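Working notes, structure below.
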Amino acid sequence: MTRGSLPGLRTLIGTGGRRALFGAFALLALSGAAPAATETAAGSGATRIAVAGGDIAEIVAALGAGGRVVGVDTTTLYPPELTELPSIGYARALSAEGVLSLAPDLLLGAHDAGPATALEQLRAAGLTVALAPGGEGMEAVPAKIAFVAGALGLGPEGQELTDAYRAEMAEVLEDVGAMPERPKVLFILTLRDGAPMVGGAGTSADAMIALAGGANAAQGFDGYKPMNREAIMAAAPDVILMMDRHGEENGPDEVLTLPEIAATPAGQAGRLVSMDGMLLLGFGPRTPQAVRELAALLHPGAPEPTEP
């Protein structure tokens, strides 16, 4: 088992980050996209911001507005200074009372923050609620940056961050494009009643695998679904990809012992790699770092990418 790392990598907002809360990210991944509710103009002068969504929190910090944040949700694990702030709970299970206890003047959330009843209560209490657009893939990042920058009245900073992101992604993709092979990768989100829940088309995992020079071994369906033993063996993945679990049940060590995994090329070679969940699936400003790290894990024999 290998954990993603690539020392010396330059990123848009630094390296590192704390470990992912697996259950929260599993629910986020399974939630799918939802329409965004936007009230950006009213929030541009906000000085006390509550943030519900780790990717959104990273963007706020990258824009230099971390000092305006008074509370974050449990999926916010980077940058470290934001993790020390009071918690408003899980992004998709917010309590209106918990949010209002911090006296924010803006709730800035991911597209699937909720529930709707809590958001309605917050709006009824006079709080501006702004939810970012959803979407998977590298182009989702500039859309999120533009939304957050607009909500905070930081248009020039948002454009600068977007330009830097696009430039670094171009360099990363050029490096990945030079890699000679496209290993088949099976992303396992979790085990459900002993069956691997895997990422099909249209998921964050599918997008990341493609960006890092791999091919998704889970074909023929969209979203995250259980995959039976016969289908996994027929898919014959070269690599199993998971989020870091750090000793929790249904972790990498247990997955490798499943008969259907052990029978695949990945299982026979012991090729299971893992990365921080928010870094891997969040599609925030650290996405270039995530692609580099995953590419290094999927292509261990390839020359190390040139640092920008």
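If you go through the stretch 71-108 one residue at a time, how many are in contact (Cβ under 8 Å) with a residue 12 or more places away in the chain, over 20 Å from the mean Cα position of the chain (by Cα) and part of a helix (DSSP H, G or I)?
Residues meeting the conditions: 3.
Taking only the stretch 253-305 into account, find how many residues are hydroxyl-bearing (Ser, Thr, Tyr) and in a helix (DSSP H, G or I).
Number satisfying all stated conditions: 1.
Would you be able to say whether some residue in the stretch 284-296 is in contact with a strand residue (DSSP E or B) (Cβ under 9 Å, 6 or more places away or on another chain), of a type outside the set (D, E, K, R) and at pLDDT 95 or above?
Yes, the stretch 284-296 has at least one match.
For every residue, the table says whether it meets (1) free of Cβ contacts under 8 Å to residues at least 60 places away in the same chain; (2) over 16 Å from the mean Cα position of the chain (by Cα); (3) under 19 Å from MET138 (Cα atoms).
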{"position": "GLU171", "(1), (2), (3)": "no, yes, yes"}
{"position": "GLY177", "(1), (2), (3)": "yes, yes, yes"}
{"position": "THR190", "(1), (2), (3)": "no, no, no"}
{"position": "ALA195", "(1), (2), (3)": "yes, yes, no"}
{"position": "GLY199", "(1), (2), (3)": "no, no, yes"}
{"position": "GLY202", "(1), (2), (3)": "no, no, yes"}
{"position": "ALA207", "(1), (2), (3)": "no, no, yes"}
{"position": "ALA212", "(1), (2), (3)": "no, no, yes"}
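Among the residues of the stretch 126-154, how many are surrounded by fewer than 23 Cβ atoms within 10 Å (Cβ to Cβ) and closer than 24 Å to PRO288 by Cα?
14
Pick out the one residue from ALA236, ALA170, ALA218 that is among the hydrophobic types (A, V, I, L, M, F, W, C), surrounded by fewer than 17 Cβ atoms within 10 Å (Cβ to Cβ), within 19 Å of GLN268 (Cα to Cα) and at pLDDT 95 or above.
From the options ALA236, ALA170, ALA218, the qualifying one is ALA236.
For the stretch 254-268, give me each residue that is of a type in the set (A, V, I, L, M) and either buried (at least 21 other Cβ atoms within 10 Å of the Cβ) or in contact (Cβ under 8 Å) with a residue 12 or more places away in the chain (or both).
VAL255, LEU256, LEU258, ILE261, ALA263, ALA266
The values are calculated or read from the model by the stated rules, or taken from the named source; none is laboratory data. Note that the coordinates shown come from a computational prediction; the quantities given were computed from them, not determined experimentally. Positions of Cβ are backbone-derived with ideal geometry, glycine not excepted, and every protein chain shown enters the neighbour counts.
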